[in-house]
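Accompanying notes for the structure given below.
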Amino acid sequence: MKKIQIKKPDLKAGIHKLKNLRWKDVKAGYGKWKERRAEKAEKFRNSPVGKRLHVINEKMNRFSLILHGIWAILINYIIEAMSRHSVMAAWEFSRVSTKAFLYNSFMIFATFSIVYLFKRRAFSRIILSILWLVLGIVNGIMLSRRVTPFNAQDLKTVAEGLSLFTNYFTVKELVGIGAGAVLAVLFLVYLWKSVGQHKRKVNYLLSAAVVAASFGGYGVLTDYVIENRIVSTYFANIAFAYQDYGLPYCFAASIFNTGISEPNGYTEEMVAEITNNGAIVKSTADTDLLPNVVVVQLESFFDTSEFKSLKTTIDPLPNLRKMAAEYSSGYCQVPSIGAGTANTEFEVITGMNLRYFGPGEYPYKTYLKEKTAESAATAFKEFGYGAHAIHNHSGNFYSRAKVFNNTGFDTFVCKEFMNFDSTPTGWAKDDVLLEHINDCLESTEQQDFVFTITVQGHGSYPEERILDEHHLYAWGTETAKKNHQWTYYSNQVYEMDIFAQNLVDMMEERGEPAVVVFYGDHLPTLGLTEEDMKSESLFNTNYVIWDNIGLEKKDGTIPTYQLMAEVMDRIGLHTGTVFNYHQERMGTDVADYLMDLELLQYDLLYGKKYAYGDTPVVIDNQIEMGKRDSEILYVSESLDGEYTVVGENFTKWTYIYINGEKQSRQFVNENTLKLKKSHLDDWDVVTVCQVGSSNTIFRTSEEYVYLNGRVVPYTEELKAEKLLLTHGGDAAKVAAELRQKDREEKRAELQTAP
C-alpha cells in the first residue's frame, strides 16, 4: 500500500507572499476564481443532469407558491412531531385542531415569501427550512428535560442562554450539539457554492408586493383566529398553549407580544379619576401594632384531598389543615397551571394582574430585570420594615437577584448561601429555609417582611419507586406509574407541611407579633383535569393566613394579585399604589375594576406615570446578597502542596480567589475547602466569594493576605506596610495610593452589585 505523503507547508513563502500582496493581485485572483466558477457552472448546465434539473427548476419556479404551501405544511408537521415526541400526536393535532395547524403552516409559508427578494432562492429556502426545523428540535429536546417549552425568554441574553444549555444538557450532548453546528455551517458553505442562482433579473417591486401580501394576509388571518378563539392571546399554562395552538404561533407570540398595550381611554384625567387624584399613592395605617410578615410560596402545593380520586395512607398535611380550620384560609387563584412559579411571585409581590401582559410572558425577564417597580417590599418599607427575599434555588434563575433589587428588597438569600439536603430528584428541601428566615428577622431591630419561595415540591415526579423511606403511600389513579408519582409528591407535601409547622413554632417562640401566609404557586404537573378537582378549577391552590395577633378568621377565594392587599388590609396597613387600589376597589363592579386595573398597570410600568403626579416613586436600591459572611480561620499546606482552607459559612458555591483569580477547589463541608492546584506566595491577597451561575459573584468576604505560611486579615496597617515595601518608604506616595485603592474598591463594589 502506497504511503500517503503529507507535504509540509512552506510558512516562510506564505508569509512572504502576504507581505508583498498588492490590491491588484487580489482583484486578479478574484477575477480568475470567478472565471473558473463560471466555467464549472456552464459545464454543469450543459451536462445531461444539468439540463434535466433546469427543466425541473423552471417548472418549480412556475408553481413555487403552491410548492411553498405544501413544504410549509410538511415542515409544520415535522416540528410538531419533534415537539410532541410523537408522529401520531402531531397527526392528532393536525386532525383535531386543523385550523390552528393550517394557521401555523401559513405563518411558515409567509416567511418563505422572503426568498423572492434574492437571486439565491434555493439557498434561502434551505436556510429558512433549517431555522424552522432547529426550532422544533430545540423545543423537543427542552421538553424532554423540563415542562416549559422553548420560548424567546430563554435566550434574552447570551449569558442566560449559555446557563440555560448547561442546566439542561450534559457535556456529551453539548459536544454533540457543537459538532452538529459546525457540520451545519460547513454544509451551508457547500450549498452556497454549489446551489445555483435564479437566472432572471429579480423584480424587486413585484417581489416586495408578494412579501407584503403574504405577511398582510398573515396579519388578517391572525385577527381571524384570535377573534374566533382558534388561538388565544393569554396562556394560563405555556406548555398547554404549545400543545393547543402549535409551536410557531406560541414562539412568535413570546417574541413580539410582550408588555401591556396602551388601553383605550388612557389619559391623565382618567388616571386621576382611578387614583382619586393621587390619594392611593399615599401610605396610611389604622394601627400602631406592626407585626412581622412572612409570606411563603410553596412550590406546586395544594391540598391533596382536593383530588377526588386520590387516597393516602395518612393525611399528607395535618398541620396546615389544622391551621386552615383555625385561621383564615381558602382557595388561592393562581395565574398558571403546572408551571410559572415566577409569574405567581410577580402577581403576589406587585399586586398586578398577569393577564394584561403578553401570552406566556415572564415580566421578571421582560421588565423587572432591567426596570424598577413598586412591590410589597417598597410598601412595607414605608412603615420602616426590613424587606427580605429567600429562595432555596439559584439566585440568577428568572433573574431573581436583579428583580428583587429592582423591586426594593434589602436582602436576597438564595441557595448559593445554603447547605441543604436534597430530594431524590435533586431539589433543595425546604427545612433549610427556617434558619435563613430567622437570620433575616434577627438582622434588624424593627419589623420585617420576609418573602420566601420554596422548591421542594418541584417536578418532575418519578414514575417508579425511588424513596428509601416513605411517610405515606398514595393510590387511586389509573396506573401504577401514576400511583408512584402521587406517592412521591404526597411525601414531599408531608415534609413541606412539617416545615410549615416548624416555621409557625419558630415565630411563636420569638414572642413577636407575626403573620405568616402560606399558599401554593400552582398545581403539580401530574395531568390533573378540572373533573378531577373538587373546586372544578385547575387555577385553585390553597392558602392559610396564620397569625398571633388575634385577626378575625375570614375564609374565601383570593386571586394572587389581591393576596398582599388583603393581608395588609387585615393588619391595618394601606400602602403601595396597586395594593391601595385593590383595597378600595375589591368588591365593586368586576368589569370596571379590572379595566381600571389594566390602565393603572400600564401607567405605572409603560405609560407616563400620571399616578405619581409631581412626586414620582424612585427605587434607588442596592440589595445585599446573603446574610452571612464567609470567613477564613486558617490555611494549612500539606507536603504535596495541597492547601486546606478552614473557615465558616462555606457552601457548595463558595470559591477562593487569589489576587482576583478564581481557584479550582473541592468543597468538603461548611468549614472546609481544599485547593489542589493553587499556589500561595507572601503578600498574595485572598478572598472568599459566593458565586452563582455565569460566574456571578454575589458576595465577597473581607480581604486576607498570605504571610509567612499564614492567612490573616488584610488590615490597613498591612496594606501600608506592603506599599512601603513596594515604594521604598515614600510615605506621601503610600498615602495617596491607599486613598486611590479605597476609591477603586468602592467603585468596583457598585459595578459588580446586581
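The values are calculated or read from the model by the stated rules, or taken from the named source; none is laboratory data. Note that the coordinates shown come from a computational prediction; the quantities given were computed from them, not determined experimentally. Quick reminder, even Gly has a Cβ in these numbers, built from the backbone with ideal geometry, and neighbours come from all protein chains shown. Surface areas here come from the heavy atoms of the whole protein model, side chains and all, with no ligands, DNA or RNA. Shrake-Rupley method; radii C 1.70, N 1.55, O 1.52, S 1.80 Å.
Overview of values
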| read-out | value |
| --- | --- |
| Conditions (1) closer than 30 Å to R699 by Cα; (2) at pLDDT 95 or above: number failed by D620 | (2) |
| Enumeration of residues in the stretch 643-661 that are touching a strand residue (DSSP E or B) at 6+ places or on another chain (Cβ under 6 Å), open to solvent by 80 Å² or more (accessible area, probe 1.4 Å) and over 17 Å from F417 (Cβ atoms) | N659 |
| Set F112, F106: member being open to solvent by 40 Å² or more (accessible area, probe 1.4 Å), more than 30 Å from G426 (Cα to Cα), of a type in the set (F, W, Y) and touching a helix residue (DSSP H, G or I) at 6+ places or on another chain (Cβ under 7 Å) | F106 |
| Residue check for A285: over 23 Å from the mean Cα position of the chain (by Cα), open to solvent by 20 Å² or more (accessible area, probe 1.4 Å) and free of Cβ contacts under 8 Å to residues at least 12 places away in the same chain | no |
| The stretch 324-374 - residue that is acidic (D, E) and part of a loop (DSSP other than H, G, I, E, B) and, of those, most open to solvent (accessible area, probe 1.4 Å) | E370 |
| Failed condition for V567, given (1) open to solvent by 10 Å² or more (accessible area, probe 1.4 Å); (2) in a helix (DSSP H, G or I) | (1) |
| Considering residues of the stretch 253-273 that are open to solvent by less than 20 Å² (accessible area, probe 1.4 Å) and of a type in the set (G, A, S) only, the residue farthest from N104 (Cα to Cα) | G259 |
| Qualifying residue in the stretch 510-520 (condition: touching a Gly at 6+ places or on another chain (Cβ under 9 Å), touching a residue at least 40 places away in the same chain (Cβ under 8 Å) and within 23 Å of N438 (Cα to Cα)) | yes |
| Tally of residues being among the hydrophobic types (A, V, I, L, M, F, W, C), surrounded by fewer than 20 Cβ atoms within 10 Å (Cβ to Cβ) and touching a residue at least 12 places away in the same chain (Cβ under 8 Å) across the stretch 580-604 | 3 |
| Residue that is most open to solvent (accessible area, probe 1.4 Å), among those in the stretch 223-232 that are outside any loop (DSSP other than H, G, I, E, B) and hydrophobic (A, V, I, L, M, F, W, C) | I226 |
| Residue count for the stretch 618-642, restricted to those that are open to solvent by 60 Å² or more (accessible area, probe 1.4 Å) and either over 22 Å from V685 (Cα atoms) or free of Cβ contacts under 8 Å to residues at least 12 places away in the same chain (or both) | 6 |
| Test: residue in the stretch 90-106 that is modelled with pLDDT of 85 or more, part of a helix (DSSP H, G or I) and farther than 30 Å from T525 by Cα | yes |
| Helices (runs of 4 or more DSSP H) completely within the stretch 233-316 that count 2 or more residues being more than 30 Å from Q492 (Cβ to Cβ) | 247-256, 268-274 |
| Count - residues of the stretch 393-414 that are of a type in the set (S, T, N, Q) and under 15 Å from the mean Cα position of the chain (by Cα) | 3 |
| Matching residues, the stretch 671-719, being within 15 Å of L633 (Cβ to Cβ) and in contact (Cβ under 8 Å) with a residue 40 or more places away in the chain | V686, V688, S701, E702, Y704, Y706, G709, R710, V711 |
| Restricting the stretch 576-603 to residues that are modelled with pLDDT under 95 and of a type in the set (V, I, T), the residue that is nearest to E382 (Cα to Cα) | T588 |
| Pick from the stretch 50-81, criterion of a type in the set (A, V, I, L, M, F, W, C) and at pLDDT below 75, ranking: most open to solvent (accessible area, probe 1.4 Å) | M60 |
| Residue under evaluation A339, criteria (1) out of contact with any Ser or Thr (no Cβ under 6 Å at 6 or more places or on another chain); (2) of a type in the set (G, A, S); (3) within 30 Å of K365 (Cα to Cα), criterion not met | (1) |
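One line per residue, one yes/no per condition, for (1) open to solvent by less than 60 Å² (accessible area, probe 1.4 Å); (2) more than 20 Å from D421 (Cα to Cα):
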site	(1), (2)
R665	yes, yes
E670	no, no
D682	no, yes
V688	yes, yes
V691	yes, no
S701	yes, yes
